[in-house]
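The structure appears below as structure tokens.
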Amino acid sequence: AAGADGAAPLDVHAVDAHWLQRGISAFVEDANASALLARDVLAALGPDGGDERACETRLVMLLDYDRFDFIKTLLANRSRVFYCTRLKQAQTEAEAEAVRAQMAADVDGGGAAILEALAQTGSAETWAQDRAADFANRTRREAVGLSKLRGVQLDDGERARAPARVLDLDALAF
């Protein structure tokens, strides 16, 4: 599914605290200049950036017209980039909670939907981690059971203890 301007929508988990700065650093060499530009671009993407036309004009002024593909991606994902970046840049839980409250209140801008997507994907990741842990535990129990059948004892620390005697069958062959 394409975004508003034909750009693909970004995954909410792909946008971290420095996603915007990494995107800008592709065409701005200086890290400090890139960080300052990212701050200005983030401000333009926010609610104070005005309507879509005003935001687009501001982004073109900041990034230049030859970066229009990047600008289209930013415009198509304006709320995602703004809210996910701000949420992941939050230094304290109180700051993060303030951003979440702002997102929940911004139904028209898509903030509430982004917050829901973050929660749903987080639940899916937790589910996958739980499944992996269950699989590891089952595998460990099965390995202990198989090792008992073969005469090698595995304790809970998963260390194998060698049998008390080793019999060399080749030496016994006639």
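Yes or no, residue by residue, for (1) in contact with a Lys or Arg (Cβ under 7 Å, 6 or more places away or on another chain); (2) over 14 Å from ALA76 (Cα atoms); (3) in a helix (DSSP H, G or I); (4) open to solvent by 50 Å² or more (accessible area, probe 1.4 Å):
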| residue | (1), (2), (3), (4) |
| --- | --- |
| ALA8 | no, no, no, yes |
| ASP11 | no, no, no, yes |
| VAL15 | yes, no, no, no |
| GLU29 | no, yes, no, yes |
| ALA43 | no, yes, yes, yes |
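For the range 51-96, how many residues are under 17 Å from VAL12 (Cα atoms), open to solvent by 70 Å² or more (accessible area, probe 1.4 Å) and out of contact with any Phe, Trp or Tyr (no Cβ under 9 Å at 6 or more places or on another chain)?
Residues that pass the stated criteria total 3.
Being at pLDDT 70 or above, closer than 21 Å to HIS13 by Cα and either part of a helix (DSSP H, G or I) or not small (Gly, Ala, Ser) (or both): is that true of LEU149 here?
Against the criterion (at pLDDT 70 or above, closer than 21 Å to HIS13 by Cα and either part of a helix (DSSP H, G or I) or not small (Gly, Ala, Ser) (or both)), LEU149 does not qualify.
Kindly provide the set of residues from the range 17-27 that are outside any loop (DSSP other than H, G, I, E, B) and open to solvent by less than 50 Å² (accessible area, probe 1.4 Å), ordered by number.
TRP19, LEU20, GLY23, ILE24
Determine if the range 70-91 includes at least one residue that is free of Cβ contacts under 8 Å to residues at least 24 places away in the same chain, of a type in the set (S, T, N, Q) and under 24 Å from ARG22 (Cβ atoms).
yes
Would you check which residues across the range 101-114 are free of Cβ contacts under 8 Å to residues at least 40 places away in the same chain and surrounded by fewer than 20 Cβ atoms within 10 Å (Cβ to Cβ) and list them?
Of everything in the range 101-114, those that are free of Cβ contacts under 8 Å to residues at least 40 places away in the same chain and surrounded by fewer than 20 Cβ atoms within 10 Å (Cβ to Cβ) turn out to be ALA101, GLN102, ALA104, ALA105, VAL107, ASP108, GLY110, ALA112, ALA113.
The values are calculated or read from the model by the stated rules, or taken from the named source; none is laboratory data. Model, not experiment: these values are computed from the prediction. All Cβ positions, glycine included, derive from the backbone under ideal geometry; neighbour counts span all protein chains shown. Just the protein is used for accessible areas: all its heavy atoms, side chains included, with ligands, DNA and RNA removed. Shrake-Rupley method; radii C 1.70, N 1.55, O 1.52, S 1.80 Å.
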